[in-house]
Amino acid sequence: MEQVEGKVAFITGGASGIGLGLAKVLIGAGMKVVIADVRDDHLESAASFFRDSGHARDVLALRLDVTDRAAFARAAQDSLRAFGKVHLLVNNAGFGIGGPLKQARYDDWDWGLGVMIGGVINGIQAFLPHILVHTEGGHIVNTSSMAAVIPISGASIYITAKAAMIGLSESIRGELASDNIGVSAFCPGPVQTNIRESGRTRPEKFRKDSGFQQFEQKLEQRPNSPLWMDPIECGERILRGIRRNDLYIFTHREFKEGAEEHFRAMLAAFPDEPINQERADAIRFLLSNPIFKG
């Protein structure tokens with residue numbers, strides 16, 4: 001998708017933070033954008049911004065709980081009715097769920113994985129058939145995190161979900177290449193978002209058996225740092241990655257050495273012994289993947 005002008009994007013978590021920053025960048029590049037979000041206040045604010053900036057006809061704002069498959073199917077149909085086609089799917093909806101593993105309860109796991117893994121599955125199932133049928137190609141961006149590359153303590157649910165986004169993106173990239181559909185794992189560092197308000201979106205059904213509500217209350221008091229990346233700059237880096245068909249879209253140079261340590265540790269863990277050539281020949285299809293060859 002080097003040429004994006006006139007094409008259509010669907011962004012979950014699109015009414016604030018990274019999603020809204022990307023929407024603004026894509027509109028500026030000549031795209032039509034559907035912003036889907038679970039928060040009505042964010043949708044109203046985003047829609048007002050685009051109306052005031054003269055882009056009301058270029059944006060469709062939809063309320064969407066990404067765990068609701070029927071609602072996702074309706075959102076896809078609404079998008080097609082509004083703009084005819086969808087070329088870019090950005091599975092961005094997520095939140096900051098964290099706390100000690102010893103305090104985690106089923107409601108915490110079910111909510112976190114339901115949104116950040118289940119919501120992405122629902123997005124792909126809802127939109128991939130429509131991207132395939134118009135045969136114009138497209139792109140899928142799955143929002144992961146630098147925390148998936150350099151895991152930290154106290155974020156087991158979040159990192160489980162975000163690490164899955166890397167594996168998912170790597171897996172489907174080769175599979176969809178023949179259909180001219182690119183796939184990127186987007187791994188941002190700290191960005192000025194509303195992630196601290198994550199607790200506000202926790203559904204009532206996931207509040208009864210939770211060990212993290214105190215953490216969520218504390219998180220909401222944390223201010224954004226001026227050193228964190230602006231969402232517009234973040235969106236520009238995503239668009240550049242889409243145009244280049246990058247497998248990984250990284251935003252922050254500061255994480256490179258930590259990532260290198262991670263991968264060196266993995267390489268160092270392999271057995272220091274000769275290759276069993278007969279076994280290697282039998283499993284050749286498992287030993288490398290052309291998506292990593294550049």
Unique residue being out of contact with any Lys or Arg (no Cβ under 9 Å at 6 or more places or on another chain), assigned to a helix (DSSP H, G or I) and within 23 Å of Ile124 (Cβ to Cβ) when the list is Gly14, Gly19: Gly19
Check off (1) in contact (Cβ under 8 Å) with a residue 24 or more places away in the chain; (2) farther than 20 Å from Leu168 by Cα for Ile249 and give me the number that stays unchecked. (2)
Enumeration of residues in region 225-250 that are β-branched (Val, Ile, Thr) and part of a helix (DSSP H, G or I): Ile232, Ile238, Ile242
Options Gly174, Gly182: the member that is touching a residue at least 60 places away in the same chain (Cβ under 8 Å) and within 27 Å of Asp230 (Cα to Cα): Gly182
One residue from Ile181, Ile166 being among the aliphatic types (A, V, I, L, M) and within 18 Å of Ala9 (Cβ to Cβ): Ile181
Do we have Lys24 as in contact (Cβ under 8 Å) with a residue 60 or more places away in the chain, part of a helix (DSSP H, G or I), among the basic types (Lys, Arg) and surrounded by 15 or more Cβ atoms within 10 Å (Cβ to Cβ) here? yes
In this structure, is Leu89 surrounded by fewer than 20 Cβ atoms within 10 Å (Cβ to Cβ) and among the hydrophobic types (A, V, I, L, M, F, W, C)? no
Return the residue satisfying two criteria in turn: it lies in region 41-57 and is closer than 16 Å to Ile11 by Cα and among the aliphatic types (A, V, I, L, M), and of such residues it is surrounded by the fewest Cβ atoms within 10 Å (Cβ to Cβ). Ala47
Take region 270-290 and flag every residue that is within 23 Å of Ser171 (Cα to Cα) and part of a loop (DSSP other than H, G, I, E, B). Phe270, Ile283, Leu287, Ser288, Asn289
Give me a count of the residues in region 170-200 that are closer than 29 Å to Leu219 by Cα and either part of a helix (DSSP H, G or I) or of a type outside the set (Ser, Thr, Tyr) (or both). 15
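Here is a yes/no grid of residues against (1) surrounded by 10 or more Cβ atoms within 10 Å (Cβ to Cβ); (2) farther than 21 Å from Met165 by Cα:
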{"position": "Cys234", "(1), (2)": "yes, no"}
{"position": "Arg237", "(1), (2)": "yes, no"}
{"position": "Asp246", "(1), (2)": "yes, no"}
{"position": "Gly258", "(1), (2)": "yes, no"}
{"position": "Arg264", "(1), (2)": "yes, yes"}
{"position": "Glu273", "(1), (2)": "no, yes"}
{"position": "Ala282", "(1), (2)": "yes, yes"}
{"position": "Leu286", "(1), (2)": "no, no"}
{"position": "Lys293", "(1), (2)": "no, no"}
Any residue in region 58-67 that is among the small types (Gly, Ala, Ser), at pLDDT 95 or above, surrounded by 21 or more Cβ atoms within 10 Å (Cβ to Cβ) and assigned to a strand (DSSP E or B)? yes
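The values are calculated or read from the model by the stated rules, or taken from the named source; none is laboratory data. All values reported here derive from a predicted model rather than from experimental measurement. No Cβ is skipped: glycine too gets one built from the backbone with ideal geometry, and neighbour counts run over all protein chains shown.
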